[in-house]
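To keep things clear, I will list the structure first and then write my remarks on it.
The values are calculated or read from the model by the stated rules, or taken from the named source; none is laboratory data. Computed from a predicted model, the values in this text were never measured in an experiment. For neighbour counting, all protein chains shown are included, and Cβ atoms are generated from backbone atoms with ideal geometry for every residue, glycine included.
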Amino acid sequence: MSFQDSSYHYQRPWLPLRSWVGPKRWTSMPQALEHAHQVRELWLRHHYDLMPLKEQFARLKHLQNLFLQGPVDESMPFALPPTIGQLPALQELLLLNHPLREVPSWLPGLTRLRYLMIRGTDITELPVDVGRLRQLAVLRIENGQFPLRTLPASLREMTKLKQLSLRDTRVVHLPVEHLPPGLQRLDLSDSAQQGGVDVAALRQRMPNLHVTISGGR
C-alpha cells in the first residue's frame, strides 16, 4: 500500500504527493498532542485500542491525513474512537489491517474526505449512507477477509468519485446502476472471477470506464 501506487495518482490540490516537502508527518500521538494545532498528517502503526485516546483525537482540529495500521495481535482489545468522525479538516483516511467487521458508523460523516482506503478487514458491506461522502475522488475497499456482498445504491451519489478499487474482495454482486456516472477507473483484480460481476454489461453501460481484472483490461 502506498500513496505512490501508480494506479491511484490523481490531482490533489489540497495535499501534494508523497514526495513533497511539507508539513511534518507525526508518528506518535503524545508528540502530536504537544503541537495539536500544527498537526496535518498522523501515521500510527500497529496500534491497539485507541478508545482511551478519543478526547485527544478531538483536539486535532487541523488534521488532514490520517493513517491507522491495526495491531499485529488481533486478540488484543481494539476499537476506533468515534471522535475521528468529528475531525473537520480530514481529507484522507487509510485504515489498514484492522479487525473491523463493519464500517464505523461515524465514517460517512467525514464529508470532506477525498481519499478513503479500507484494506485488510472483515468488512462485508458498506453503509447505506456512504453516498454522503460526495467529495470523495478515490475509494479503495481491498483485501477483505470475507467476500464483499454488494455496493449500496447511494454510491451513485458520489459524483466526484473517479477511482474505485474492489481488489481482492470477491464481490458477490456488483450492481452496475449503483456506480457513479463519472467513474473513470474500476479495479476488480482477483474479484471479478468470482461470478458476481457482469463485466460485459459493465462495459456496455459505461464504455469509457477503465476496468482492471487481474492486471489487464
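In table form, for the structure just shown:
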quantity	calculated
Selection status of GLY120, in contact with a His (Cβ under 9 Å, 6 or more places away or on another chain) and under 16 Å from SER165 (Cβ atoms)	yes
Pairs, first among the β-branched types (Val, Ile, Thr) in region 205-217, second at pLDDT below 90 and exposed (fewer than 11 other Cβ atoms within 10 Å of the Cβ), C-beta under 8 Å, six or more apart	VAL211/ARG217
Top-ranked residue in region 106-122 [being at pLDDT below 95 and of a type outside the set (Asp, Glu); ranked as surrounded by the most Cβ atoms within 10 Å (Cβ to Cβ)]	THR121
Positions within region 49-70 being in a loop (DSSP other than H, G, I, E, B), surrounded by 19 or more Cβ atoms within 10 Å (Cβ to Cβ) and at pLDDT 90 or above, in sequence order	LEU60, LEU63, GLN64
Out of VAL171, VAL128, sole residue that is at pLDDT below 95 and assigned to a loop (DSSP other than H, G, I, E, B)	VAL171
Filtered residues of region 138-163 (kept if part of a loop (DSSP other than H, G, I, E, B) and crowded, with 18+ Cβ neighbours inside 10 Å)	GLY144, LEU148, LEU151, MET158, LEU161
Hits in region 22-48 (condition: among the charged types (D, E, K, R) and not in a loop (DSSP other than H, G, I, E, B))	ARG25, GLU34, GLU41
